Amino acid sequence: MKTRFALTTAAFVLAATPALAQDLPKTHLKITGGLSNLTAYNDYEKPFWTKTITEQSKGQVTAEIKGFNEMGIKGPELLRLMGSGVIEFGTATLAYFASDNPINEAIDLAGLAPDVKTARDVTKTFEPVYAKLYGQGNNVKLLGISTYPAQVLFCNAEIKGLGDLKGKKVRTSSRTQADFVEALGGSSVTMAFGEVVPALQNKVVDCAITGSLSGYSAKWYEVSTHLVALPINWNQQIHAVNGKTWAGFKPEVQKFLQTQVDGLVNQIWDAAAKQTQEGYDCNTGAAACTQAVKGKMVLVQPSAADREQLKKIRDTVVAKWAQRCNAQCVSDFNATVGKQLGVVAKK
C-alpha cells in the first residue's frame, strides 16, 4: 500500500468516473490540512478527505487528516518541504513564500481585486507563470490555485471608512497588507493568527485583517466592534505536489488526482463569495446567518470614496512591490495581470 502525504484546504471535489476509480491502485493518504479551528477545515477539508475521496475512488483511496497547527508545521517552510519531498502534496498560502520571492505576491496585492470575479480572473491569468517557476526552480508541480474568502478589516473601535485607519495599529499577515495599512497612515503589526484575539482584547492592536469567515470561526467578533465590508485582498493558496512524486504515479492516478484538484479548486472559488458574505452576516448577527452563535459587530459598508481610495492605494502597493521583485517578475506581471487590469508596474 502506497502512502502519500498531502496538505490542503477546504472543499468537495469533482467526482471521478467509475471506470477510472476502479482502475486505481490502493493508496492511503496522510493529510496535513489547514488550521483545524477554521470553518474551511471542519466544513470542507476534513469531510472531503475522510469521506468524499474514498467514495469517489470506490474505496481505492483512503485518507487521514490533521491540521498543520496540530503537526508543528509553519507556513513559510511548506514550499521547501514540498520541493525536497518531505511533504509530497501540499496546499499553502502564497503569502507564506513572499519573503523568499516577491513574485508570490503578484496575484494578491492589496487593492488589486476588490471582488471575487476579478480575483479569480487575475489568478487564472498569472497561473502559468507560477507553474513554470515552481517546476523549474523548486521541483514542484502546480496543480491549482484556490482562495480564502475576502481579507477584511476587524476593528475594536469605531471606524467609518478607510481614512479612519490613520494612526491606528493594524495586524497584518503579509507585506502587501502592511503596504496597504502604511499607505493609509496606519502602523502595521505582524503577529500570528492565534495571537490576535488577546491583542485586540488588550488594545495591543486597534484592527486586524483576516478572512471574514476565518475571523468569525476564531471568534474575533468577541473582541471587535466594527467590520469593514471591503475586500483588501484574498489570500490565494497553491495546491501542488513534489515533482518526483508526481512523476512516479501511473497516468491513471495522475488523471484522477488532477481531476479531484480541479474540482476542489472550482468548489473553493465558488464558495469564496458566499463565505465572504457569511462572514459578514455571522460576525454582525444578521438574520441570514445560519450559525448557532452570532456576533454583534457593526458592518461598515464602503463608500464610493473608499473604493476610489482603494484604487489609489493599489497603485502605491504595486509600485512598492515592483521594487522588491526582479525585472522578469515585473515583466511577467505587466504582460498578464497588468494588461488585464490596466495597471503598470515599474522598476
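The values are calculated or read from the model by the stated rules, or taken from the named source; none is laboratory data. Computed from a predicted model, the values in this text were never measured in an experiment. Cβ: placed from backbone, ideal geometry, glycine included. Neighbour counts: every protein chain shown.
Residues in segment 147-194 that are free of Cβ contacts under 8 Å to residues at least 40 places away in the same chain, within 30 Å of residue 121 (Cβ to Cβ) and of a type outside the set (Ser, Thr, Tyr): 6 in all. Restricted to segment 31-64, and to residues there that are in contact with a Ser or Thr (Cβ under 6 Å, 6 or more places away or on another chain) and surrounded by fewer than 17 Cβ atoms within 10 Å (Cβ to Cβ), the residue that is farthest from residue 290 (Cα to Cα) is 62.
Of the residues 154, 126, only one is in a strand (DSSP E or B) and touching a helix residue (DSSP H, G or I) at 6+ places or on another chain (Cβ under 7 Å); which? Quick ask: steps written out before the conclusion?
Values: 126 fails: in a strand (DSSP E or B).
Only one candidate qualifies: 154.
Looking only at residues that are of a type in the set (Gly, Ala, Ser) and in contact (Cβ under 8 Å) with a residue 40 or more places away in the chain in segment 281-307, which one is nearest to residue 224 (Cα to Cα)? Among those residues, the one meeting the criterion is 295.
Filter segment 191-238 down to residues that are touching a Gly at 6+ places or on another chain (Cβ under 6 Å) and surrounded by fewer than 24 Cβ atoms within 10 Å (Cβ to Cβ), then give me how many there are.
Residues in segment 191-238 being touching a Gly at 6+ places or on another chain (Cβ under 6 Å) and surrounded by fewer than 24 Cβ atoms within 10 Å (Cβ to Cβ): 1 in total.
When residue 265 is tested against (1) in contact (Cβ under 8 Å) with a residue 12 or more places away in the chain; (2) within 20 Å of residue 232 (Cβ to Cβ), only condition (2) is not met. Every residue in segment 306-330 that is over 16 Å from residue 182 (Cβ atoms) and among the charged types (D, E, K, R), please. Residues satisfying the conditions are 306, 307, 308, 311. So, residue 278, is that one over 23 Å from the mean Cα position of the chain (by Cα) and either touching a residue at least 24 places away in the same chain (Cβ under 8 Å) or outside the structural domain of residue 78 (by TED's automatic domain parsing) (or both) or not? So residue 278 does not fit the description; no.
Give segment 92-103 a look and list any residue that's within 12 Å of the chain's Cα centre (by Cα) and not aromatic (Phe, Trp, Tyr), or say none.
Step one: list which residues in segment 92-103 are within 12 Å of the chain's Cα centre (by Cα), which gives 92-96.
Residues satisfying the conditions are 92, 93, 94, 95.
Looking only at segment 231-255, count how many residues are under 21 Å from residue 82 (Cβ atoms) and in a strand (DSSP E or B). Going through segment 231-255 one residue at a time, the tally reaches 7.
The number of residues in segment 132-151 that are among the β-branched types (Val, Ile, Thr) and out of contact with any helix residue (DSSP H, G or I) (no Cβ under 7 Å at 6 or more places or on another chain) comes to 0.
Tell me, which residue of segment 294-314 that is part of a helix (DSSP H, G or I) and more than 22 Å from the chain's Cα centre (by Cα) is surrounded by the most Cβ atoms within 10 Å (Cβ to Cβ)?
Keep residues of segment 294-314 that are part of a helix (DSSP H, G or I), which gives 304-314.
If we keep only those that are more than 22 Å from the chain's Cα centre (by Cα) as well, we get 304-309, 312.
Details: 304: 7, 305: 11, 306: 17, 307: 13, 308: 11, 309: 19, 312: 11.
Selected residue: 309.
Pairing residues of segment 65-76 that are surrounded by fewer than 19 Cβ atoms within 10 Å (Cβ to Cβ) with residues that are of a type in the set (A, V, I, L, M) and assigned to a strand (DSSP E or B), at Cβ distances under 7 Å and at least 6 apart in sequence or on separate chains, gives 75/92. Going through segment 271-290 one residue at a time, which ones are surrounded by fewer than 13 Cβ atoms within 10 Å (Cβ to Cβ) and over 17 Å from residue 151 (Cβ atoms)? 287, 288, 290, listed by residue number.
The residues listed here are 65, 73; of these, the one that is assigned by TED's automatic domain parsing to the domain that holds residue 249, in contact with an Asp or Glu (Cβ under 9 Å, 6 or more places away or on another chain) and not in a helix (DSSP H, G or I) is 65. Taking (1) touching a strand residue (DSSP E or B) at 6+ places or on another chain (Cβ under 9 Å); (2) closer than 22 Å to residue 179 by Cα; (3) hydroxyl-bearing (Ser, Thr, Tyr) in turn, residue 284 satisfies each apart from (2).
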